[in-house]
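Novice: Here it is, the structure in full.
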Amino acid sequence: VSHREHWERIYAAHSPLDVSWHQAEPRLSLELIGRTGMVPGGAVIDVGGGASLLVDRLLAQGQRRVAVLDLAENALAHARRRLGARAAEVEWYAQDVTTFSAPARFDVWHDRAVFHFLTRAAEREAYVRALRRGIGVGGQAIIAAFAPDGPVRCSGLDVVRYDGGALARELGAEFRLEESRAESHRTPAGGEQRFGYFRFLRVA
Ligand SMILES: C[S@@+](CC[C@H](N)C(=O)[O-])C[C@H]1O[C@@H](n2cnc3c(N)ncnc32)[C@H](O)[C@@H]1O
């Protein structure tokens, strides 16, 4: 099956509360978004956001332009249903991040556990091109991926694990690594997954 079909099936078959990546509170994401210094009028996109609660929290903080992109329409449907009337305040994109062209640039690009699924160099290069279309110089990217001692697969798919240096090499010289954080994610089933979170500033 295609990747899109794979993810559509996951979100059709499972409650978003039960998937291994579910977080009751996207604490470190919010903390690092806070560290960007973005003003409430700023624009933020959660790529591969799935049914994450990050969008709810950003709206509650008064962030004015909030977008969520995901390959799986079923994932976005979960989030929209949860948000109810507030869903109308969000830009929704049911698209592949690697071919995404933002209609207007964002201040902050957030990705938790999406880039790490790109196992082919050509896909990663396409992602970085989409990232450069998505944020300009001065914009920031927060990317969270499985750490070198994290799982080798997620949701039945192979992943690439990263430390900050390896991720910085993928993003290239336009992006400067500003901050790295580690998280031990407790899955709903009680397992442990080690993540790294990296905040980058686009410098050129
Ligand atoms: C492990 S989940 C993480 C979801 C969310 N970021 C979170 O932390 O709860 C990975 C998500 O990325 C989406 N995804 C996978 N490949 C993608 C792609 N090429 N473009 C956009 N979304 C993608 C999946 O549908 C899924 O929702």
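Novice: Hey, does segment 118-134 have a residue that's touching a residue at least 24 places away in the same chain (Cβ under 8 Å) and under 24 Å from residue 185 (Cα atoms)?
Specialist: yes
Novice: Considering only segment 42-55, I want to know if a residue exists there that is among the charged types (D, E, K, R), part of a strand (DSSP E or B) and within 13 Å of the ligand (Cβ to nearest atom). Spell out how you get there, then give the answer.
Specialist: If we filter segment 42-55 for residues that are among the charged types (D, E, K, R), which is where we start, we get 46.
Filter again for part of a strand (DSSP E or B), leaving 46.
Those still in the list that are within 13 Å of the ligand (Cβ to nearest atom) too: 46.
Yes, that holds for at least one residue.
Novice: Still on this structure, please answer the following. What number of residues in segment 104-123 are out of contact with any Asp or Glu (no Cβ under 8 Å at 6 or more places or on another chain) and more than 10 Å from the ligand (Cβ to nearest atom)?
Specialist: 9
Novice: On to the next question. Within segment 17-37, how many residues turn out to be open to solvent by less than 40 Å² (accessible area, probe 1.4 Å) and either among the hydrophobic types (A, V, I, L, M, F, W, C) or outside any loop (DSSP other than H, G, I, E, B) (or both)?
Specialist: 6
Novice: Also, quick follow-up: For segment 133-152, give me the residue count where each residue is within 17 Å of the chain's Cα centre (by Cα) and either within 16 Å of the ligand (Cβ to nearest atom) or β-branched (Val, Ile, Thr) (or both). If you could, list the steps in order and put the result at the bottom.
Specialist: Taking segment 133-152 first, the residues within 17 Å of the chain's Cα centre (by Cα) are 133-135, 139-147.
Pick out the ones that are also either within 16 Å of the ligand (Cβ to nearest atom) or β-branched (Val, Ile, Thr) (or both) and you get 133-135, 141-147.
Summing the residues that are within 17 Å of the chain's Cα centre (by Cα) and either within 16 Å of the ligand (Cβ to nearest atom) or β-branched (Val, Ile, Thr) (or both) in segment 133-152 gives 10.
Novice: Which one of the conditions (1) outside any strand (DSSP E or B); (2) within 27 Å of residue 24 (Cβ to Cβ); (3) of a type outside the set (Ser, Thr, Tyr) does residue 142 fail to meet, given that it meets all the rest?
Specialist: If we test residue 142 against (1) outside any strand (DSSP E or B); (2) within 27 Å of residue 24 (Cβ to Cβ); (3) of a type outside the set (Ser, Thr, Tyr), just (1) comes out false.
Novice: Of the residues that make up segment 77-99, is at least one in contact (Cβ under 8 Å) with a residue 12 or more places away in the chain, open to solvent by 20 Å² or more (accessible area, probe 1.4 Å) and closer than 22 Å to residue 194 by Cβ?
Specialist: The answer is no; no qualifying residue exists.
The values are calculated or read from the model by the stated rules, or taken from the named source; none is laboratory data. Predicted, not measured: the structure shown is a model, and the values here were computed from it. As a convention, Cβ positions derive from the backbone with ideal geometry for all residues, glycine included, and neighbour counts pool all protein chains shown. Ligands, DNA and RNA are excluded from the accessible area calculation, which covers all protein heavy atoms including side chains. Shrake-Rupley method; radii C 1.70, N 1.55, O 1.52, S 1.80 Å.
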